[in-house]
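The values are calculated or read from the model by the stated rules, or taken from the named source; none is laboratory data. These figures come from a predicted structure and were not determined experimentally. Note: ideal-geometry Cβ built from the backbone for every residue, glycine included; neighbour counts use all protein chains shown.
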Amino acid sequence: MSLIDSDCSTYIPFKKTGFFSTMMCDYIDKSKKIEPYYHNFPDINGFKSQIEEKQQSFSKENRTVLVAALKDQYKNINVSDKTMFHIDLLADENTFTVTTGHQLNLFTGPLYFLYKIISAINLAEELKSQFPEKNFVPIYWMATEDHDFEEINFFNFRGKKIQWNSEQSGAVGRFSTEGLEAILDVFKQEIGNSERAKYLQNLFEEGYVKHTTLTEATRYIANELFAAYGLVIVDADERSLKQLFVPYVKKELLNQVSFNSVTSTSTALEKVYHAQVNPREINLFYLTDELRERIVLEEGVYKVNNTDIQFTESQILAELNDYPERFSPNVIMRPLLQEVILPNLCYIGGGGEMAYWMQLKSYFETVSVPFPILLLRNSVQVISEKQFKKLGKLSISVEELFYKQNDLLAEKVLSNSESNFDFKAQKQVLEDQFATLRDLASKTDASFVGAVNAQEKKQLKGLQNLEKRFLRAEKRKQSDLVTRITLLQNEILPNQSLEERQRNFSEFYLEYGNDFIKELKKELKPLQLEFFVLVK
C-alpha cells in the first residue's frame, strides 16, 4: 500500500488543535504581548533582515573551524555528495544554516524527530528560492552533552515501550552502545520479517550494534534517513568548536552574565506566560567521560557539584584555556553555543523549546550575538484513508477530531438526539430574562440586585444539572455511537495526545516504506505556521 493522493490532507490553525500553548498561539498571531521576547519573525522579510545581521557578525575564522570539525566528524560516515557539498559551502560567507536540535532518543524516539528535520530541510530549500544569491544548509544539532538518560532510553512501538537500561552516567553522547543487541532482539520479535522490517532491523543493527557510542549511532541513523537531502549533523562536544566559545564561558564564570539577563526577562515574561526554565548563577557543567556536574561558586572557590574537584579563579581560567571541551553549557547557554559556532539564521523547535528560547533574547543582546529567528516546527497528524472515511460517517470534521473527548461526545450525541431541546438557547433565554430583571431591580430597589443575581446563578446551575442528566441518558441510549467515536479518537490520538509525541517512525515505515518520508518532504511547509493533517 502506498500513500494516496492526499486531496483530503489539510492545514488547520495550531490553536484549533488544543495542543499548543497560549504563548505559541500568540507568537504565531504576532500578539503585542509577546513582541519583547523575539527578534525577527519567521517570514521572508524577517529572514532578509536576519541574513544581513548574521553576515556581518559571523567571522571567516569561525567558518574555517566549523568546516574542519564537520569533516572530521564525517570521516567514518558514508557521506552523500549533497551533504558534503553543504559542508564545503559553509566556508563561504554567503552560506547560512537553519537548525533544529533533538536529544539522542533511542531509534529517533517520538515521531516528531522526522518533522523537525524535514522542517529544516524544506526551510533551507524555501530560503534558497527566495534568496538565490545565498546558500542555506539544514542542520541537525545532536544534544550529545545532555545527561537525562531516562528521557531518551526508550521508544514506543505499537503501544509497547522498548527500553534500554544502563548504569552509565555523564553526557549521553559518550555512552557505550554495549547491551543494545538485546534491544534489537526484542525489536525483531515485534516487527516481523517483511522487507521493510528487515530494513529497520538492519538500520538499528548498523547504528547501535556496529557503532561504539550513542553519538556515533545517532549520527549514522540520521544520516541514513536524510543524507539524500543534504542534512548536516553537528556534534558540539568537540574541542575545536568549544574553543570558539571560550570568551563566553569566561564571562559566565567571572560575571554570571546569563543569570542576570535571563532572570530579568523571565520576571517580565512570568506576568503573562509561564517561564520554561530557571537560570542558575553559573549555567555550566564540568564534563569528562564519566561526569557531567554543575559548576558552582562558593566563597570565591569554583566547585564541581557532588565531587571533590575545585578551582580558584586563576585555576579555572587556566583549565578553560587548556581544556575548553570540559566546559559544557546547560539549557540556558546551549543556544548561545549554537549561535556562536554556526552561521545560523533560525532555530526550529517545538512549543516548549520556543518558550525557553524566548527567555534568552536579552542575554544574547548582552553578549552581542544575533538572536535567531524562532520557528515552530511542522506538526503532523497522520490519518489513514480508512480512518478518514470513518470520521466522515460519524460526521466528525478534521477540526472536531481534536476536541476534548467529552466535548466531542457531547456535541455528537446531542446533534444525533431525537429530542430537539436546545440547552444553549435556553441558557441564553434565562440570561436575557435575568438581565431584564436586574435592570428593573436597579431602578426600583438596588438591594434586590443581589437577590436577582443569586436566583440567576441557581437557575443556571439547575439547567446545567438537567443538561448533564440529559446527556448521560442520551449517551446510554446512543452507546454504539459513543463507542465508535471513542475508539476512533483514541486510535488516532493515543492517550488523548498527539501521536507525534507517542509513536515511533518505524510503525509508519513498516506501512509505507520510504514513501512516508518522501510524502512529508513534499507536503510540509515550514513558513505556513499551521498544523498539517496528512490523509494517507
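A few remarks follow.
- Just one of the listed residues (Thr83, Thr64) is among the β-branched types (Val, Ile, Thr), without any contact (Cβ under 8 Å) to a residue 60 or more places away in the chain and in a helix (DSSP H, G or I), and it is Thr64.
- Failed criterion for Glu145 (all others in (1) within 15 Å of Thr213 (Cβ to Cβ); (2) free of Cβ contacts under 8 Å to residues at least 40 places away in the same chain; (3) of a type in the set (Asp, Glu) hold): (2)
- Filtered residues of segment 456-496 (kept if farther than 29 Å from Lys393 by Cα and surrounded by 13 or more Cβ atoms within 10 Å (Cβ to Cβ)): Glu456, Gln459, Leu460, Leu463, Leu466
- The residues of segment 11-61 that are crowded, with 17+ Cβ neighbours inside 10 Å, out of contact with any Lys or Arg (no Cβ under 7 Å at 6 or more places or on another chain) and closer than 21 Å to Asp88 by Cα, listed by number, are Lys54, Phe58.
- Residue pairs whose Cβ atoms lie under 8 Å apart, separated by 6 or more positions or on different chains, with the first residue in segment 228-257 and more than 13 Å from Asp322 (Cα to Cα) and the second charged (D, E, K, R) and part of a loop (DSSP other than H, G, I, E, B), are Ala236/Glu145; Asp237/Glu145; Gln256/Glu281.
- Check on Tyr220, buried (at least 19 other Cβ atoms within 10 Å of the Cβ), closer than 28 Å to Asn62 by Cβ and either of a type in the set (A, V, I, L, M) or in contact (Cβ under 8 Å) with a residue 24 or more places away in the chain (or both): yes
- Residue satisfying all of: in segment 148-158; in contact (Cβ under 8 Å) with a residue 40 or more places away in the chain and out of contact with any helix residue (DSSP H, G or I) (no Cβ under 7 Å at 6 or more places or on another chain); farthest from Glu507 (Cα to Cα) among these: Asp148
- Residues in segment 250-262 that are crowded, with 18+ Cβ neighbours inside 10 Å and over 22 Å from the mean Cα position of the chain (by Cα): Glu252, Leu253, Val257, Ser258, Phe259, Ser261.
- Residue match in segment 361-368 (condition: in contact (Cβ under 8 Å) with a residue 24 or more places away in the chain, under 30 Å from Asn260 (Cα atoms) and among the hydrophobic types (A, V, I, L, M, F, W, C)): yes
- Candidate set: segment 467-507, residues that are of a type in the set (Gly, Ala, Ser) and without any contact (Cβ under 8 Å) to a residue 60 or more places away in the chain; chosen: the one farthest from Ile118 (Cα to Cα): Ala473
- Segment 397-416: number of residues that are closer than 30 Å to Met354 by Cβ and outside any helix (DSSP H, G or I): 4
- Residue list for segment 122-134, restricted to those being of a type outside the set (Ser, Thr, Tyr) and surrounded by fewer than 19 Cβ atoms within 10 Å (Cβ to Cβ): Glu125, Glu126, Lys128, Gln130, Phe131, Pro132, Glu133, Lys134
- Top-ranked residue in segment 27-50 [being free of Cβ contacts under 8 Å to residues at least 60 places away in the same chain and not hydroxyl-bearing (Ser, Thr, Tyr); ranked as farthest from Gln276 (Cα to Cα)]: Asn45
- Of all residues in segment 264-286, those satisfying the criterion of being within 23 Å of the chain's Cα centre (by Cα) and either part of a helix (DSSP H, G or I) or of a type outside the set (A, V, I, L, M, F, W, C) (or both) are Thr265, Ser266, Leu269, Glu270, Tyr273, His274, Gln276, Asn278, Pro279, Asn283.
- Output for segment 37-56, where each listed residue is part of a helix (DSSP H, G or I), within 24 Å of Pro526 (Cβ to Cβ) and not charged (D, E, K, R): Tyr37, Ile44, Asn45, Gly46, Phe47, Ser49, Gln50, Ile51, Gln55
- Considering the conditions (1) closer than 27 Å to Lys518 by Cα; (2) surrounded by fewer than 18 Cβ atoms within 10 Å (Cβ to Cβ); (3) in contact (Cβ under 8 Å) with a residue 60 or more places away in the chain, Phe107 is excluded by exactly one of them, (2).
- Matching residues in segment 226-249 - criterion: being aliphatic (A, V, I, L, M), within 20 Å of Gly109 (Cβ to Cβ) and buried (at least 21 other Cβ atoms within 10 Å of the Cβ): Leu231, Ile233, Val234, Ala236
- Of all residue pairs spaced 6 or more apart or on separate chains, those with beta-carbon atoms under 6 Å, a first member in segment 405-416 that is buried (at least 17 other Cβ atoms within 10 Å of the Cβ) and a second member that is at pLDDT below 90 and hydrophobic (A, V, I, L, M, F, W, C) are Ala410/Leu471.
- Entirely in segment 323-381, the helices (runs of 4 or more DSSP H) that have 3 or more residues that are of a type in the set (S, T, N, Q) and over 19 Å from the mean Cα position of the chain (by Cα): none
- Checked against (1) surrounded by 21 or more Cβ atoms within 10 Å (Cβ to Cβ); (2) more than 23 Å from Leu225 (Cβ to Cβ), Glu93 passes all but a single condition, namely (1).
- Failed item, numbered, when Val304 is tested on (1) at pLDDT below 95; (2) buried (at least 19 other Cβ atoms within 10 Å of the Cβ): (1)
- Selection of first residues in segment 162-185 that are in contact (Cβ under 8 Å) with a residue 60 or more places away in the chain and in a loop (DSSP other than H, G, I, E, B) and of second residues that are exposed (fewer than 15 other Cβ atoms within 10 Å of the Cβ) and not polar (S, T, N, Q), restricted to Cβ pairs under 7 Å at least 6 apart or on distinct chains, gives the following pairs, ordered by first then second residue: Ser169/Glu290; Gly170/Asp289; Gly170/Glu290.
- Within segment 417-427, none of the residues are at pLDDT below 95, assigned to a helix (DSSP H, G or I), closer than 30 Å to Val535 by Cα and out of contact with any Lys or Arg (no Cβ under 7 Å at 6 or more places or on another chain).
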